[in-house]
Amino acid sequence: MTRRPARQFYFRLAGHLGYTVRELLARIDSREITEWMAYERLAGPLGGRRIDHAAALVTAAVVNTNRTKGPARQPGDFLPPWGQPKPRRRMSPDELWAKAQELNRRFGGTVTAA
């Protein structure tokens with residue numbers, strides 16, 4: 001899917017218009033799809049991604065207005081990660097135990113012998 005941006009666009013447009021991709025391609029000819037692609041380039045992403053960007057912009061404004069120090073945050077800092085998740089390195093049993101002890105300390109827990 002990541003190598004087929006046109007197919008990704010079909011999914012965005014279908015969701016925006018309330019169709020499945022199959023219904024979209026049966027109802028709309030290639031000329032209209034091309035016009036929708038041009039429209040998206042001019043107006044911005046269709047559907048949910050546009051909402052994500054708007055929410056990120058507002059969030060960055062609120063955070064930056066209320067920060068006391070440090071660099072200003074950018075809207076991109078607040079966008080959800082889309083696409084392929086990055087593989088996470090598995091922690092060893094010793095690392096897991098150290099992490100559990102650290103969290104225990106942070107939350108004021110104690111360790112008692114069993």
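A few notes on this one:
- Among the criteria (1) surrounded by 15 or more Cβ atoms within 10 Å (Cβ to Cβ); (2) not in a loop (DSSP other than H, G, I, E, B), the one L46 does not fulfil is (2).
- Residues of segment 85-101 that are of a type in the set (D, E) and surrounded by 10 or more Cβ atoms within 10 Å (Cβ to Cβ): E95 alone.
- Matching residues, segment 1-54, being of a type in the set (S, T, Y) and either out of contact with any helix residue (DSSP H, G or I) (no Cβ under 9 Å at 6 or more places or on another chain) or closer than 25 Å to F78 by Cα (or both): T2, S30, T34, Y39
- Hits in segment 75-93 (condition: at pLDDT 90 or above and over 24 Å from T2 (Cβ atoms)): S92, P93
- Candidate set from segment 58-71 (those that are under 25 Å from P45 (Cα atoms) and small (G, A, S)); member that is surrounded by the most Cβ atoms within 10 Å (Cβ to Cβ): A60
- Scan segment 30-71 for residues that are more than 18 Å from P5 (Cα to Cα) and not aliphatic (A, V, I, L, M) and the total you get is 11.
- Filtered residues of segment 1-20 (kept if within 15 Å of G47 (Cα to Cα) and in a helix (DSSP H, G or I)): Q8, F9, Y10, F11, R12, L13, A14, G15, H16, L17
The values are calculated or read from the model by the stated rules, or taken from the named source; none is laboratory data. No experiment lies behind these values; they were computed from the predicted model shown. Cβ: placed from backbone, ideal geometry, glycine included. Neighbour counts: every protein chain shown.
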